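Each remark here refers to the structure printed beneath this line.
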Amino acid sequence: MGSFMFTFTKSNTRRLNLSLPPDLYADILFISGRMGISASALVYQITSDSLHHMANILRQARPDEPVGTTVKRLRGDSLAYIKSQYESAMQEVSGGRRHDDAK
C-alpha cells in the first residue's frame with residue numbers, strides 16, 4: 001500500500017452511500033472501531049491502491065466502453081451478473097489469468 005497518496009480536506013472528498021450485507025457492515029465497524037479509525041478511513045486504506053490500479057487498467061483495456069449506462073444493484077438476479085462483471089474485470093487486471101489463479 002501507499003503508492004497512491006491523497007491529502008484529505010473537506011473540499012476534496014466526496015460522500016458515497018453503499019448498501020452492504022449486515023455481516024460486512026458489522027465487520028467494517030468492528031475493525032475500524034478496534035483500530036480507532038473511521039469506517040471511511042478503513043475502507044480507503046483497504047481499497048485505494050487496488051481500485052486506482054484496476055481503474056487505470058480498465059480505462060486502457062476498455063476505452064470505448066460507456067461508463068454507468070446500465071447499473072445493476074446488489075440484489076436478486078443481479079448478483080450473478082455482478083459477479084461475472086467483477087471476475088471479467090479481475091481477469092483483465094491480472095493479465096488474463098483467472099482471479100483465483102492470481103493468488
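The values are calculated or read from the model by the stated rules, or taken from the named source; none is laboratory data. As the structure is a prediction and not an experimental result, all values here were calculated from the model. For neighbour counting, all protein chains shown are included, and Cβ atoms are generated from backbone atoms with ideal geometry for every residue, glycine included.
If you go through segment 30-49 and pick out every residue that is touching a residue at least 40 places away in the same chain (Cβ under 8 Å) and not small (Gly, Ala, Ser), you end up with 2. The helices (runs of 4 or more DSSP H) falling completely within segment 22-103 that include 1 or more residues that are at pLDDT 90 or above map to 22-35, 39-61.
Annotation note: Cβ proximity below 9 Å between a residue of segment 12-27 that is touching a residue at least 60 places away in the same chain (Cβ under 8 Å) and a residue that is surrounded by 10 or more Cβ atoms within 10 Å (Cβ to Cβ) and of a type in the set (D, E, K, R) (sequence gap 6+ or interchain) occurs for no pair.
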